């Protein structure tokens, strides 16, 4: 399985990038998580779109389309989705096709505060509902006080966190299989 | 298929009861929607639960468990879920088992205002996420200005509404089949 | 100042009842919190309302109207508002008048899990927006792992929790004064 | 009064820009709405912030700080806040000071669909709660089917829409006065 990982933060040394890498290391053998570098995606502007998808966006949409599943790890900014992550999703969602429709998605969030992103995940789920993605219900993963759980080189030093992330990735692997059995493309044709 | 219908309003002549009946009439041949009468469900109270599920609640939970899918039609009270509908869900959710886990659910809402329940559906989806239900993404059905769309005897006089409800029920029928193919019980064992 | 306290749980020994009592003990001198016993409020039903407010509801609405402010302490049930608490708010919200309009409200939540009710508070805020209450923004109080912070007799044994609750009650006291200066009744006449 | 208007869309000929201009024309005599051009605000990136606020952001934050109130008119993208509008708010929210704290804000939304942005407004309110803004409760303004309500040159041809926007701006004018009477800076010092 080839999964695409999207980190909601652009910061070097982002804790969510660490959590995402941890998710990648927790996948069953034979699966692989490739992390997207989306720094060059431009601000969404319908005037720009009128001239067709910019090259970076077209590439991004192709990669989403080809992935077996998407893993999003995101911080919470001001009780909601980081603007630039939402901008990325705004671009992906446009056009005749819809790369996220029927696509399995898993969400995790990490934050330095105690709640670990409890608010951002539900906004993200609503956005992903709009694009008709197949977001896994559970287990939810919220990593609070993340600065105590990863060292600065990205090593996960908290066993509970490692176990939660691993159980989510195992469940996600089953979820991807299950979504395939659903034959979502048939569903989408209705 | 045997579906269970839950109306969010207790009012005689409820527009959501009409919408739910319309959903029942819109099902493919061979499917049937039975509407739950939940008026006697008591207020949830953990002290009461400590003595075991009250009889009406135990019956309700069995009916949910046996249904092939659940259709919820609900008004929006104060921008969220009607209290008593939430109370019903609070009862269903308790206990060792979880009758709604892996269960296909479709949501529609009707309101006399223009928005047709745009806010209540997302709260309901979050609640159903908690209990790990398999809520269908789309099509969403919001019936605004419902008083112009049904006569007092419950006849749907608006063709667009009838068509939307029918397309949702057809999609729900496919969704139930698709969820069966997922084998959600396997998923839940993970 | 006479504040009215509403606990979202009916359970004897409710942790939120303890948190609410703690809020009462944390008020500045001269203020008092009276906790509402709302166990006898019936299920909301528009048919019932058609005959006028039931006695308990009329009394409840009067008490809300006369209070200088409302403090709500609530658990989170299934990622949202406990059904019976919502039912209470559904009753309060009905009728020509609106007892909660312009009324200062503070929200706190306690839970045995780590998030302390992070989801329920925003649903509650949206409901209170509908009824045009003046809900204080900050500080927010989420009491996670509440079973480690109160003894079974309701003593708060966690200093951080006690401090948070106290700072919220001090802020709420200022908020009530500030709302008075706004003259919300004038605003509501616009 | 000097209000700052923020449009959630960057598109030339944006319906929300029209709605915002309509809000500007609906203000009481003596008040003025200046619409922000925020096209050059860069993607938020904590690495960039580490070097201090970029010039455009510093200017933006000053303008927010000096305004008597903020009017936000926004479309809904994928059931939530447009990414770039959220990015703008992410920038404003950072730093030692908080230009939006205690600041009166009014929200309206326009959409070509029937719901007129029913979902985006509550996400926006939650974000503005985080930054401790004083968001006016009511009247809420949702402009559905906006393409039938404004001509391409921005003239509002729907009397109901014009009346709703005007009543919101009158209420906002009173709200700004009321917030001044609250003396929010005193509150924020608590």
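Can you say whether residue D:97 is farther than 22 Å from residue A:119 by Cβ and modelled with pLDDT under 95, as far as the supplied structure shows? Before the answer, list the steps.
Details: farther than 22 Å from residue A:119 by Cβ: yes; modelled with pLDDT under 95: yes.
So residue D:97 passes the test.
Residue D:104 - would you say it is at pLDDT 95 or above, within 13 Å of the chain's Cα centre (by Cα) and facing chain A (nearest Cβ under 9 Å)?
Against the criterion (at pLDDT 95 or above, within 13 Å of the chain's Cα centre (by Cα) and facing chain A (nearest Cβ under 9 Å)), residue D:104 does not qualify.
Select from region A:139-168 the residues that are within 14 Å of chain C (Cβ to nearest Cβ), farther than 15 Å from residue A:18 by Cα, over 14 Å from the mean Cα position of the chain (by Cα) and touching a residue at least 24 places away in the same chain (Cβ under 8 Å) and list them in ascending order.
Once the filter is applied, which keeps residues that are within 14 Å of chain C (Cβ to nearest Cβ), farther than 15 Å from residue A:18 by Cα, over 14 Å from the mean Cα position of the chain (by Cα) and touching a residue at least 24 places away in the same chain (Cβ under 8 Å), region A:139-168 yields only A:139.
Those residues that are part of a loop (DSSP other than H, G, I, E, B) and either buried (at least 18 other Cβ atoms within 10 Å of the Cβ) or under 14 Å from the mean Cα position of the chain (by Cα) (or both), I need them from region B:12-38; list them, please.
Correct list: B:14, B:26, B:27, B:36, B:37, B:38.
Which ones in region C:78-101 are without any contact (Cβ under 8 Å) to a residue 24 or more places away in the chain and either within 14 Å of residue C:130 (Cα to Cα) or within 11 Å of another protein chain (Cβ to nearest Cβ) (or both)?
Of everything in region C:78-101, those that are without any contact (Cβ under 8 Å) to a residue 24 or more places away in the chain and either within 14 Å of residue C:130 (Cα to Cα) or within 11 Å of another protein chain (Cβ to nearest Cβ) (or both) turn out to be C:78, C:83.
For region C:139-156, enumerate the residues that are out of contact with any helix residue (DSSP H, G or I) (no Cβ under 8 Å at 6 or more places or on another chain) and outside any helix (DSSP H, G or I). Talk me through it step by step, then tell me what you get.
First, pick out the residues of region C:139-156 that are out of contact with any helix residue (DSSP H, G or I) (no Cβ under 8 Å at 6 or more places or on another chain): C:144-145, C:148, C:151-153, C:155.
Scanning region C:139-156 gives C:144, C:145, C:151, C:152, C:153, C:155.
Residue by residue through region B:121-138, note down the ones that are assigned to a loop (DSSP other than H, G, I, E, B), without any contact (Cβ under 8 Å) to a residue 60 or more places away in the chain and in contact with a strand residue (DSSP E or B) (Cβ under 9 Å, 6 or more places away or on another chain).
B:136, B:137
For region B:27-43, how many residues are within 13 Å of chain C (Cβ to nearest Cβ) and touching a helix residue (DSSP H, G or I) at 6+ places or on another chain (Cβ under 6 Å)?
Of the residues in region B:27-43, 4 are within 13 Å of chain C (Cβ to nearest Cβ) and touching a helix residue (DSSP H, G or I) at 6+ places or on another chain (Cβ under 6 Å).
Applying the selection to region B:71-109, what residues are out of contact with any strand residue (DSSP E or B) (no Cβ under 8 Å at 6 or more places or on another chain) and assigned to a loop (DSSP other than H, G, I, E, B)? Spell out the reasoning first.
Looking only at region B:71-109, we keep the residues that are out of contact with any strand residue (DSSP E or B) (no Cβ under 8 Å at 6 or more places or on another chain), and these are B:77-79, B:84, B:87, B:89, B:91-92, B:94-99, B:101.
B:78, B:79, B:94, B:95, B:96, B:97, B:98, B:99, B:101 - these are the residues of region B:71-109 that are out of contact with any strand residue (DSSP E or B) (no Cβ under 8 Å at 6 or more places or on another chain) and assigned to a loop (DSSP other than H, G, I, E, B).
Given (1) within 18 Å of the chain's Cα centre (by Cα); (2) within 14 Å of chain A (Cβ to nearest Cβ); (3) part of a loop (DSSP other than H, G, I, E, B); (4) closer than 30 Å to residue D:45 by Cβ, where does residue D:118 come up short, assuming only one miss?
Failing condition for residue D:118: (4).
Is it the case that some residue within region D:178-190 is in a loop (DSSP other than H, G, I, E, B) and modelled with pLDDT of 95 or more?
Looking through region D:178-190, none of the residues is in a loop (DSSP other than H, G, I, E, B) and modelled with pLDDT of 95 or more.
Filter region D:139-148 for residues that are under 25 Å from residue D:174 (Cβ atoms) and in contact with a strand residue (DSSP E or B) (Cβ under 8 Å, 6 or more places away or on another chain) and give the result.
D:140, D:141, D:142, D:143
Given the criterion away from chain B (no Cβ under 14 Å) and farther than 18 Å from residue C:101 by Cα, identify the matching residue among C:58, C:46, C:73, C:50.
Exactly one residue qualifies, and that residue is C:73.
Looking at (1) in contact with a helix residue (DSSP H, G or I) (Cβ under 8 Å, 6 or more places away or on another chain); (2) crowded, with 22+ Cβ neighbours inside 10 Å, which is the one condition that is false for residue B:129?
Unmet condition: (2).
May I ask you to list the residues in region C:48-70 that are part of a loop (DSSP other than H, G, I, E, B) and within 16 Å of residue C:87 (Cβ to Cβ)? Break it down stepwise before answering.
As a first pass, look at region C:48-70 and keep what is part of a loop (DSSP other than H, G, I, E, B): C:51-54, C:67-68.
Hits for region C:48-70 are C:53, C:54.
The values are calculated or read from the model by the stated rules, or taken from the named source; none is laboratory data. Predicted model only: the values in this text are computed from it and were never measured. Ideal geometry is used to build each Cβ from the backbone, glycine not excepted, and the neighbour counts take in all protein chains shown.
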